[in-house]
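Take this structure first; my questions come after.
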Amino acid sequence: MDTKIFTPDQIQAAAAELKKGNLVSFPTETVYGLGADATNVSAVKKVYKAKGRPSDNPLIVHVADVETVEKYAQPLDENVKKLMKTFWPGPLTIILKLKPGALAKEVTGGLDTAAFRNPNKQSTLNLIQAAGVPLVGPSANTSGKPSPTLAKHVYHDLNGKIAGILDDGATDFGVESTVIDMSTDKPAILRPGAVTVDQIERVIGPVDDAVHHVSADQVPKAPGMKYRHYAPDAQVQVVDHKDDWKRAADWIKGQDETVGVMATDDVIDSINWPQNAELYSLGKDVSTASHLLFAGLRHFDLENGVDNILTQGFPATELGEAYMNRLNKSAGQKHFE
Ligand code: TXA
Ligand code: MG
């Protein structure tokens with residue numbers, strides 16, 4: 001099967017594939033998703049197979065409107081409604097208690113909850129509407145690899161394994177949606193993302209920032225958090241402070257091979273780089289860096305095949321929390337010392 005590329009004016013053709021139970025990757029404001037009809041069990045099974053994803057890791061259900069959520073979930077409480085009103089469409093995924101049997105166990109991983117998201121991308125909202133069903137959509141990468149922020153990343157990982165890709169250019173944020181669990185008494189952040197904890201607390205008051213409390217031997221609340229993630233083939237090291245880059249450049253000079261460097265322009269301009277440093281700009285700040293993080297990791301894997309990548313760290317506040325969460329995972333917590 002050759003994977004077709006659909007443009008935003010070919011929504012009907014893309015939707016026809018989804019209706020047949022085939023897989024179509026779709027763009028969102030965060031990363032590209034791997035779409036399948038959430039109400040078709042055999043289509044959903046294909047998603048796990050194409051990605052090589054462990055089957056206990058549940059999927060996000062992408063909807064074009066709140067009414068679709070109400071069809072599957074228990075009645076929405078006031079705080080859930082406030083979140084939807086404030087952040088939807090947008091990069092906030094909300095976990096809700098389901099009506100019994102409302103969605104297949106292949107979607108929920110056997111939980112009595114499901115994750116719902118209303119992406120802020122018109123072409124994909126059109127696709128969901130044209131398909132007439134909600135779409136499951138994990139990030140459209142091979143399991144364990146950095147999430148795709150361009151259609152060509154999806155093509156690289158999944159060509160021949162899926163029916164099509166709806167190509168609507170680069171995604172906006174570059175890190176995935178924030179996941180908040182609203183199925184229990186105390187709202188909890190299960191994955192930091194493009195919507196910050198501060199933004200959420202301004203709307204519904206204090207939330208449990210649970211991501212900080214999960215250690216490796218605990219059963220994580222979001223099953224996805226226990227898997228190795230965002231990892232290129234190269235060893236990634238985080239360079240935490242701008243002052244460390246001079247020493248990092250000396251370390252690169254001592255290496256026999258090319259070393260990848262991912263840093264903001266001010267860092268790149270301030271250092272006298274050795275010959276074997278290959279530079280990849282993260283732009284000007286944490287916002288552009290979040291946008292370019294996965295693309296940079298993929299750049300060094302696919303086009304250069306380097307063994308080592310040094311990547312700039314940022315304070316883990318605001319958007320920096322999501323950025324550092326992804327970077328630390330891709331680096332396996334390894335920091336340049
Ligand atoms: O930005 C995004 O959220 C992207 C785009 C494509 O929408 N999607 C995405 O999906 O990142 P995925 O499957 O890569 O991540 C979904 C996360 C996983 O960590 C999963 O374990 C968690 O959400 N999750 C899904 N359903 C859950 C549930 N019922 N309870 C707890 N965690 C859940
Ligand atoms: Mg993912």
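Starting from the alpha-carbon convex hull of region 85-136, give the projected area averaged over all orientations, in nm².
4.1
For LYS246, which aspartates and glutamates qualify as cross-link partners when the Cα separation must be under 17 Å and same-chain residues fewer than eight apart are set aside?
Filter leaves ASP265, ASP266, ASP269, GLU278, GLU337.
What aspartates and glutamates sit close enough to LYS105 to cross-link, taking a C-alpha to C-alpha distance under 16 Å and skipping anything fewer than 8 places away on the same chain?
List returned: ASP37, ASP56.
Given H placed 1.01 Å from N in the peptide plane, which residues other than close sequence neighbours of ASN118 have an amide H under 5 Å from its amide H?
VAL63, GLY90, LEU92
With each pseudo-label sitting 7 Å past Cα toward Cβ, what's the LYS19-ALA130 distance in nm, one decimal?
It is 1.1 nm.
Among 270-280, 83-93, 132-142, how do they line up from the highest to the lowest mean number of other beta-carbon atoms within 10 Å? Walk me through the intermediate numbers first.
Working: 270-280: 14.0, 83-93: 19.7, 132-142: 24.2.
In decreasing order of mean packing, 270-280, 83-93, 132-142 become 132-142, 83-93, 270-280.
Collect residues whose amide H, placed 1.01 Å from N in the peptide plane, falls under 5 Å from the amide H of GLU176; neighbours closer than 5 in sequence don't count.
none
With charges set only on the Cβ (+1 for Lys and Arg, -1 for Asp and Glu), what does the dipole of region 235-330 come to about its Cα centre, in debye to the nearest 20? Walk me through the intermediate numbers first.
Numbers: 8 positive and 16 negative charges, 26 e Å.
I would put it at about 120 debye.
Could you work out, for the chain, what percent of all Cα-Cα pairs fall into each 10 Å distance bin, beginning at 0 Å and stopping at the bin that holds the largest distance?
Distribution as computed: 6, 26, 33, 23, 9, 2, 0 percent.
Gap in Å between the Cα centre of region 143-186 and the Cα centre of region 261-337?
So the separation of the two Cα centres works out to 20 Å.
Quick check: net charge around VAL175, other residues with Cβ under 13 Å of its Cβ, Lys/Arg +1 and Asp/Glu -1?
Net local charge, VAL175 excluded: -2.
Put +1 on the Cβ of every Lys and Arg and -1 on every Asp and Glu Cβ in region 4-224; which of ILE204, HIS153, THR184 then has its Cα farthest towards the positive end of the dipole?
Value: HIS153.
How high is the relative contact order of the chain? Use alpha-carbon pairs under 8 Å, at least six apart in sequence, and give a whole percent.
Relative contact order of the chain: 20 percent.
When you take every Cα atom in region 42-153, what is the radius of gyration, and what is Dmax, the widest Cα pair distance, in Å?
In Å, with Rg to one decimal and Dmax whole: 14.1, 41.
Could I ask something else about it? Among bridges DSSP assigns within the chain, what percent are antiparallel (round to 5)?
35
Right, here's the next one. What number, in percent, do you get for the relative contact order of region 235-330 if the mean sequence gap of Cα pairs under 8 Å and at least 6 apart is divided by its residue count?
Over region 235-330, the number comes to 37 percent.
Readers should treat all values here as calculations from the given coordinates under stated rules, not as data from a laboratory. All values reported here derive from a predicted model rather than from experimental measurement. Note that each Cβ is placed from the backbone with ideal geometry, even for glycine, and that neighbours are counted across all protein chains shown.
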